[in-house]
Every structure is written in C-alpha cells, then in structure tokens.
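S.K.: Once you've had a glance at the structure underneath, I'll fire off some questions.
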Amino acid sequence: MSKRKSKETSSVNGECISQVQRILRERFCHQCPNGKLFGVQLQYKHLLELLKRTTIHGESNSALIIGPRGSGKTMLLNHVLKELMEVKQVRENLLQVHLNGLLQTNDKIALKEITRQLQMENVVGDKVFGSFAENLAFLLEALKKGDRDSSCPVLFILDEFDLFVHHKNQTLLYNLFDISQSAQTPVTVIGLTCRQDILELLEKRVKSRFSHRQIYLLNSFDFKQYLKIFKEQLSLPTEFLYKPFTQKWNKNVQSLSEDRTVQDVLRNHFHCSKDLRSLHMLLMLALSSITVSHPFMTGSDLLEASKLYRMDSKANIVHEFQKFIQRKAHSMYNFEKPVVMKAFEHLLQLELIKPIEGLSVRAQREYLLMKLLLDNNQIMDALQVYPNCPTDVKQWATSSLSWL
Amino acid sequence: MPNFEHPEYPEATLLHLESMVPCRESQVSSLLSVFGERQHFSFPSIFIYGHTSSGKTYVMQTLLETLELPHVFVNCVECFTSRLLLEEILTQLQNLSSENKHGSHVPCDTFNDFVRLFKQEIITQELQNQTVYIVLDKAEQLREMEANVLPGFLRLQEMTDRNVTVVFLSEIVWELFRPNTGCLEPFTLYFPDYSIEYSADFYAAYINILLGVFYTVCRDLKELRHLAALNFTKYCEPVVRGEANERDTRRLWKNIESHLKKAMQTVYLREISSSQWERIQQDDGEPGHLKGLSAHAHVELPYYSKFLLIAAYLASYNPARTDKRFFLKHHGKIKKTNFLKKHEKTSNHLLGPKPFPLDRLLAILYSIVDNKVAPTANIFSQITSLVTLQLLTLVGHDDKLDGPKYKCTVSLDFIRAIARTVNFDIIKYLYDFL
C-alpha cells in the first residue's frame, strides 16, 4: 500500500515537473500573451486609449513605440490587442495587418503581403495598378461594407520599423501615413522600433504626415522592482493543477528572492543588462536543471546559469594565440617557419586578427599589417585556462603584457 | 547507469548516445537539458562555437538522430545563397514526414515566402507538438547573404509562432555575428578542444608519442588522425622486423622520432602528398632528399641576374640615404643620432620590402659588380624576366614607361644562398645588420 502510494507521488511528480517545465518554458522562450506586464502601466493605458479611439470611434491615428531590444514592445502591443479583442464590436470589425521589416524587404512584397492579410487576393485578381497609392486606395475602398457608409477600421502594425525607412522613396510609409491623415477609412499605423533616432531617418514628407506620437519603453525600473519581477516571473500561476506543489514552489521562489547569493547574482545581471529578455534567458537556463530528482530551484542553479550565460567567448578561443607566441620562445620547440605560418593562417581564419586594409592590397602574405582583435586581459585569461601551457610562454606573456 | 538522465528518453538510448560521444558528456548533457521534452519550447536560437574538428557537427547530428528528434540539417557553404538555403530547408522539411513521396521542389525566393511556407508545412505534418530543429552548419557564411537572413533565423520561433529552434554551428565567436542594430541574442555554448588522455597499451603509446610531437602545434582532430594513419606502419616496423618487442618503448621512440619530425615539415604542411610519403616509407632508404613543393621554388639564374637580384634586395631593404655609405669608395660616416635611432626600432626586415626606382637598382648594380657592366638591352630584359619569375614585383601601373618602380620579394635565406654562389657577402651590405 505504501509502495503504491510512493509510486503515485513519484509519478505525479514526473508529470507535474513536466507541466511546470511546459508552462515556464512557454513563458520564458515563447513569450506567451498570458504573462504579466511590469512597469509599463502608463504606456499600456496610452496605447489602449489610442486603439480604442480608432476602432470604436473611427479616428485615424499613427504612433511609434520606441524601446531598446528586449524591453517588451511586442509584448505590450500583444497585451493591448488581447484586451481590445474582448470588446465584441472590435472583434467583429477590426482588420489587422502585421508587417515585419525583416520579412518584407521591399515595397512590392509588402503590398502583396497586405493584400494577402486582408484576404483580398481574389478581389485584386490580375489588375495592374499604376502606382502604389492606387493599389492601396483600391484595397481600402474594397473594404467598405455594402450598405453602410462607414468602413472597417484597419490596424497596420509595422515591426522592425527602422528597416522600412530604407526602402526606395519610403513609398509604403508615405502612403500609410497619408491615409492615416486623410480620414477616409479609420486607419491606425503603429510602428515598433529599437532605434531612438528613428525620426531623423524619415523623409520630410513622411515625417510631416506622421502624428509624432511616440511611446517610449525605457526599462525604467530599479533593482527592487527587478527582484519583484524575478519573483513573479518564476512563480507558478494559482490555477495550476497540482496545488500542493504550486504552494511549495512559490514558497521556494519567495525564499530564493530573499537569499543573499541569489540577490548578488541578480544584481550582477541587472548591472549588465536590465531588459527582461536576458532575465528570461537566465531563468530558462536555471530551469533546465529542474528534474524529478531536483524539483526545486536553488541558489547554486542560478549561479551556474549565470556563469554559463556570461562566459567570455574570446577567452576560450584564444588558445590558438599561443602557437604564434611559440616562435619567439626559442625553447626546445623549434618550429620551422612554414609551420608557424600555418598556425598564423588559422588565427586569420578564426578572425582573431584581421588585416588593416582589405585583402585587395597587393602585398605579400607575411608582410600584411594586421590588427589584433583581442585585448590583453582576454589573452591573460585564456592562458590561465589553457591546458598544458608551457611555462615559458606564460612567463613571456605576463612580462610583456603586464606593463602595457 | 548513464551519465545523462532524462525522463523522456529510454535508458538504452541514452547509454548508446553516451558511447558515441566520448569526451563531450558535459556539452551533450547541457544540450539535453536545454532541449527538454519533445513538446516543450526551447530557446529560439542556440549558437554553438568551437575550433575546427572539435566535434560540433558530429555531436549535433548524433544527438538529433539517436533521439529521433525532427530536424533539418543544412551546410551554409553548400547553400551559399539565401534562395538555395531556404529551398533546401523546405525540401528537407517535406521529406521529414512522408518517406514515400519525395517532396517536389519548392520555389522560395524571399524570407517572407519562407515563413509562410514553413508555417504551412508544419501544419500539414504531425510536427505541431514537437520541437523542430533547424541546424545551420558553417554559419559564418550567413553574414555574406542578405542582411535580413541572420536576424530572421534568430527570431524564427517568434515570426512563425511555432515550436522551432534554430541551431547555429560556427568557428567564429558570436560578437562578430551581431548585426548593427542588435537582434534576439541566442544561447551560446562553447565546445572546447579535445584534451590528451594518457593510457598504457601499444596503440596508446604510439598515439602518445605522436601527440607529444604534434600536440603543441596542432589540435585539429582530422589532421592528427591523418598523421597517425600515415605513420603507423613505420612505427610498427621494428616490431615486425623482430628487432624490438611491443613493450620496448625507447627503441620504438628512437626509430620514429626523426621520422615524425620530418613529417612535420613535409606532410603536415602539405608539401608532399600522402601517397608520396608512403612510398618513401616503403623505400626505407636513408631519409635523403625529400623534394617538397617549396623546393621547386629554387631556380638557377644567370650571372648578371643574380647580381640584379642582390642589388634589388639591397635596394628594397636598405633605406635610400644609406646607399652612400655602402656603395661609394669615399664615404663619410653616417651620424646615427638618437633621433634617428628612435624611429628605426623596427627592423626593415619585419616591415617588408620597400619599392625602389629603376635608376637606383642600376646604380647599386654597377657598384657591386666588379667589372664594367654596359646598360644593354640584355640587362633590362633580365630585369623583366626576374619580374616574370615573381622574384621582383612591379609596383604601381605598368604603363609608366620612364620610371618603373620595383620591389624585391625574396626571403633572406634565399638571397643568402644566391649570394653565396657568387661569393658576395650580402650581410655586410645590409643596414639592419650593421
């Protein structure tokens, strides 16, 4: 009887751990829209207001959401859209077009994508349009419902907005902003970008049609709030199936956030990069060490994860450098010049050194001036880690690199 | 009890996996823990880097095939344009589910189409619940393609909204990949080199000796394996001939040592091919004259050409103002003031040859040749043939007829050999050896 019970609890644990992993991994890696937002309440309200005005009251608008990488722009937008979709009127009427600067690399592709997302392919058919503007106007005209004189509001979301400004003449942007100003169809254009100087990249005629409404997401929380975010991100939701496990887990998270080592790890991380995406990566690494035999996260897990995350890449690779140093060592290892040249070429291939002028300069291989792309500390670190390093190489490095 | 523990996969598979990836247990276990269970999400992108032959491709392929995870494996050097790359991925994806019908060629021009077709492909197969892995080998080639390919792959999970992870394998560190405006950072994992393991039987002793000679120079597994295979018969020779038995390591070492050192100069540098090497081993004569590729660079020159070459070398590596001291009968002393010395810390030999005009070459030539030399067309044609032999190079445009400039591109050892054949002490005339 007790054996069966223990087997039950262990099987429950296995299934339970699997569910925990599933939920948390989705939260950290895939940024599911059920997560919570932190520190962006004002921006959230602003954006929601804006979109409500378009969809419910029929106003046209444009806005730019600006923030560094990983600060939560897409997440904010998705949250706002989710809340908006709960209103029945919006759900039935609103049309969304999602464009991405990485995917639609020129305006022709963008136009085809717009047609496809508005599901107008059969309407457009084989028509040939004189200009971009005509095409777009035709699309929007066709959106008008039969008897009603008001047409459906259309929401254009442009991800990686800074890539659209490099298209020829910025036609797409010009036309979109133009329509948003001319108040025929209620159209809202929302751009998301990581560049703070985006307004300088816009052409004059495009900039004048833009409403200059900017929403900034600047990661403006301090370390105390960061700790709170850490706790909330790591906690399991209360509607999770295995109630007793949830309580234990959440209590563990609470104690972790009060633990000194964990706070130190998080503080180091916070000083490197504040944004949530890197926090998610750290938590994901710590999460991957959770198994049935190790069901609760500990401080050492987080420490390990932090070390793995911030390993200096170049200190590892610089092992090759010591072959080049060999030449001057004049020790028992007397290597011929061609052998050293081969090692030198390997360094070149690894891009640890780079020729100053490009390869088009016609000079002999041995005499090309090179630039070393590492600095002294990295070389010293690498020599400490390098296995079987001859002592005279180490001494030579310390003596010549230390006074520089 | 295998080192890898994973609830998802049976123990037998994990044991088998462990036997196939020696010395890489820690990397494989971190990969396993990051992958998680089949249907779980993982990092959107993973970046694995390490030296040549540190096992990245092998480990990834073995891992994915042994655990039977759905994956697509593409080499970016093979598919060197974005179109080839995207079409290859889509074709392999089609082949994943249906073994019967070989997928028709899917045309895919742009990344936009790729995302759309990718989403369609995943829906039509039972891949919706499992993570699909796309492995891009030699990922440094991605930087040469269009600018949106690399950031696009980094965000593929978000853009397609599917459970897919992209793995990049490369020799170059991540910092050299990062685009200017930033991107979604991948999880980076490092594969260190294989390290020496010492053990005690016959073959292992051979490997130890081989590694002792070559390890400090080369850690590339492929090269070491090649060298080991080539030299093994020679190593076994004393045992075969009956002179030594298997345990007699000292005699075996004496036999093989000079051989390996020669191998370093020749086969390792690809001076001679491996078949030539084996033939030499079989001849078993005295080591003698191994004519490698670089030996063919030696040419026999006529008398005046040798002096022309010496003069060219002197002109390239001596600064022009020192000519007076070397080549005039009555010269003054050069005042080596402190100011000059400070600027000349780097010897000219490290900086490389400098260009010189034709007049200077002829002036030096007249002063070093004993008898009178007439400036006939003979001399000038010899200069041109030296250029053809690539012992001199013409600097600047070749349509400048009245003042051509040249540069001497031979090494010091070569010119000393030539100077010795005409009894000319070139070291006396070089500024760097004053």
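S.K.: Only one residue in B:SER30, B:SER54 is assigned to a loop (DSSP other than H, G, I, E, B) and either open to solvent by less than 30 Å² (accessible area, probe 1.4 Å) or of a type in the set (S, T, N, Q) (or both). Which one?
M.R.: B:SER54
S.K.: Can I ask one more? Would you be able to tell me the number of residues in the range B:337-367 that are modelled with pLDDT of 85 or more and among the β-branched types (Val, Ile, Thr)?
M.R.: Kept after step one, since they are modelled with pLDDT of 85 or more, are these residues of the range B:337-367: B:354-367.
The next check asks that each one be among the β-branched types (Val, Ile, Thr); those that pass are B:364.
Result for the range B:337-367: 1.
S.K.: Are any residues in the range A:185-207 within 14 Å of another protein chain (Cβ to nearest Cβ) and among the hydroxyl-bearing types (Ser, Thr, Tyr), and if so, which ones?
M.R.: As a first pass, look at the range A:185-207 and keep what is within 14 Å of another protein chain (Cβ to nearest Cβ): A:192-198, A:201.
Once the filter is applied, which keeps residues that are within 14 Å of another protein chain (Cβ to nearest Cβ) and among the hydroxyl-bearing types (Ser, Thr, Tyr), the range A:185-207 yields only A:THR193.
S.K.: Something else now. Checking A:ASP107 against (1) at pLDDT below 80; (2) touching a helix residue (DSSP H, G or I) at 6+ places or on another chain (Cβ under 7 Å); (3) open to solvent by less than 50 Å² (accessible area, probe 1.4 Å), which single condition isn't satisfied?
M.R.: (1)
Yes/no matrix, rows are residues, columns are (1) among the charged types (D, E, K, R); (2) at pLDDT below 85; (3) under 25 Å from A:GLU239 (Cβ atoms):
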| site | (1), (2), (3) |
| --- | --- |
| A:CYS32 | no, yes, yes |
| A:GLY35 | no, yes, yes |
| A:GLY39 | no, yes, yes |
| A:LYS45 | yes, no, no |
| A:ASN61 | no, no, no |
| A:ILE66 | no, no, no |
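S.K.: Let me ask another. Of the conditions (1) in a loop (DSSP other than H, G, I, E, B); (2) out of contact with any helix residue (DSSP H, G or I) (no Cβ under 8 Å at 6 or more places or on another chain), B:SER42 fails just one. Which one is it?
M.R.: Result: B:SER42 passes all but (2).
S.K.: Right, next: From the list B:ALA244, B:ALA200, B:ALA205, B:ALA228, exactly one residue is open to solvent by less than 20 Å² (accessible area, probe 1.4 Å) and at pLDDT below 70. Which is it?
M.R.: Working: B:ALA200 fails: open to solvent by less than 20 Å² (accessible area, probe 1.4 Å); B:ALA205 fails: open to solvent by less than 20 Å² (accessible area, probe 1.4 Å); B:ALA228 fails: at pLDDT below 70.
Unique residue meeting the criteria: B:ALA244.
S.K.: Additional query: Out of all the residues in the range B:392-407, which are surrounded by 10 or more Cβ atoms within 10 Å (Cβ to Cβ) and touching a strand residue (DSSP E or B) at 6+ places or on another chain (Cβ under 7 Å)?
M.R.: To start, the set of residues in the range B:392-407 that are surrounded by 10 or more Cβ atoms within 10 Å (Cβ to Cβ) comprises B:392-396, B:400, B:404-407.
Residues satisfying the conditions are B:LEU392, B:THR393, B:LEU394, B:VAL395, B:GLY396, B:PRO404, B:LYS405, B:TYR406, B:LYS407.
S.K.: List the pairs whose first member sits in the range A:225-239 and is within 17 Å of A:MET284 (Cα to Cα), whose second member is in a helix (DSSP H, G or I) and not hydrophobic (A, V, I, L, M, F, W, C), and whose Cβ atoms are under 6 Å apart, counting only residues at least 6 apart or on separate chains?
M.R.: A:LEU227/A:SER257; A:LYS231/A:SER257; A:SER235/A:ASN250; A:LEU236/A:THR246
S.K.: Now for a different question. Among the numbered conditions (1) more than 9 Å from chain B (Cβ to nearest Cβ); (2) hydrophobic (A, V, I, L, M, F, W, C); (3) under 29 Å from A:PHE28 (Cα atoms); (4) buried (at least 20 other Cβ atoms within 10 Å of the Cβ), tell me where A:VAL87 comes up short.
M.R.: Evaluating A:VAL87 over (1) more than 9 Å from chain B (Cβ to nearest Cβ); (2) hydrophobic (A, V, I, L, M, F, W, C); (3) under 29 Å from A:PHE28 (Cα atoms); (4) buried (at least 20 other Cβ atoms within 10 Å of the Cβ) leaves (4) as the failure.
S.K.: Select from the range B:126-149 the residues that are of a type in the set (A, V, I, L, M), within 14 Å of B:PHE47 (Cα to Cα) and within 14 Å of another protein chain (Cβ to nearest Cβ) and list them in ascending order.
M.R.: B:ALA139, B:LEU142
S.K.: Mind listing whichever residues of the range A:87-106 are under 13 Å from A:THR54 (Cα atoms), outside any loop (DSSP other than H, G, I, E, B) and among the hydrophobic types (A, V, I, L, M, F, W, C)?
M.R.: Those that are under 13 Å from A:THR54 (Cα atoms), outside any loop (DSSP other than H, G, I, E, B) and among the hydrophobic types (A, V, I, L, M, F, W, C): A:VAL90, A:LEU95.
S.K.: Moving on to the next point. Within the range A:286-310, which residues are open to solvent by less than 20 Å² (accessible area, probe 1.4 Å) and part of a loop (DSSP other than H, G, I, E, B)?
M.R.: Selection gives A:SER288, A:ILE290, A:MET297.
S.K.: Shifting gears a bit: Just checking, which of A:HIS98, A:HIS166 is open to solvent by 20 Å² or more (accessible area, probe 1.4 Å), touching a strand residue (DSSP E or B) at 6+ places or on another chain (Cβ under 7 Å) and modelled with pLDDT of 85 or more?
M.R.: From the options A:HIS98, A:HIS166, the qualifying one is A:HIS98.
S.K.: Are there any pairs with C-beta distances below 6 angstrom linking a residue in the range B:20-36 that is facing chain A (nearest Cβ under 10 Å) to a residue that is assigned to a helix (DSSP H, G or I), with the two at least 6 apart or on different chains, and if so which?
M.R.: Listed by first residue and then by second, the contacts come to B:GLY36/A:GLN21.
S.K.: Ok, one more. For the structure I just gave you, tell me whether A:LEU158 is assigned to a strand (DSSP E or B), closer than 22 Å to A:SER71 by Cα and either more than 14 Å from every other protein chain (Cβ to nearest Cβ) or at pLDDT 90 or above (or both).
M.R.: It is true that A:LEU158 is assigned to a strand (DSSP E or B), closer than 22 Å to A:SER71 by Cα and either more than 14 Å from every other protein chain (Cβ to nearest Cβ) or at pLDDT 90 or above (or both).
S.K.: Starting from the range A:35-56, keep only residues that are part of a helix (DSSP H, G or I), then list their pairs with residues that are of a type in the set (Phe, Trp, Tyr) and modelled with pLDDT of 85 or more whose Cβ atoms are within a distance under 9 Å, requiring at least 6 positions of separation or different chains.
M.R.: A:GLN43/A:TYR216
S.K.: Could I ask something else about it? Just to be sure before I move on: is A:GLY67 within 14 Å of chain B (Cβ to nearest Cβ), under 24 Å from A:PHE210 (Cα atoms), touching a Lys or Arg at 6+ places or on another chain (Cβ under 9 Å) and not hydroxyl-bearing (Ser, Thr, Tyr) in the structure I sent? If you could, list the steps in order and put the result at the bottom.
M.R.: Working: within 14 Å of chain B (Cβ to nearest Cβ): yes; under 24 Å from A:PHE210 (Cα atoms): yes; touching a Lys or Arg at 6+ places or on another chain (Cβ under 9 Å): yes; not hydroxyl-bearing (Ser, Thr, Tyr): yes.
So A:GLY67 passes the test.
S.K.: When you scan the range A:128-149, how many residues do you find that are modelled with pLDDT under 75 and outside any helix (DSSP H, G or I)?
M.R.: Total satisfying the criteria: 10.
S.K.: Go through A:VAL253, A:VAL206 for me and flag whichever is part of a helix (DSSP H, G or I) and more than 24 Å from B:GLY36 (Cβ to Cβ).
M.R.: Going through A:VAL253, A:VAL206 in turn, the sole match is A:VAL206.
S.K.: Of all residues in the range B:58-82 being closer than 20 Å to B:LEU176 by Cβ and among the polar types (S, T, N, Q), which is most open to solvent (accessible area, probe 1.4 Å)?
M.R.: From the range B:58-82, those closer than 20 Å to B:LEU176 by Cβ are B:75-77, B:80, B:82; that's our starting set.
Next cut, among the polar types (S, T, N, Q) only: B:75, B:82.
Values: B:ASN75: 44, B:SER82: 14 Å².
Result: B:ASN75.
The values are calculated or read from the model by the stated rules, or taken from the named source; none is laboratory data. This structure is a prediction, so every number in the text was calculated from the model and none was measured. All Cβ positions, even for glycine, are placed from backbone atoms using ideal geometry, and neighbour counts span all protein chains on display. Ligands, DNA and RNA are stripped out before the accessible areas are found, and what is left, the full protein with its side chains, is counted by its heavy atoms. Shrake-Rupley method; radii C 1.70, N 1.55, O 1.52, S 1.80 Å.
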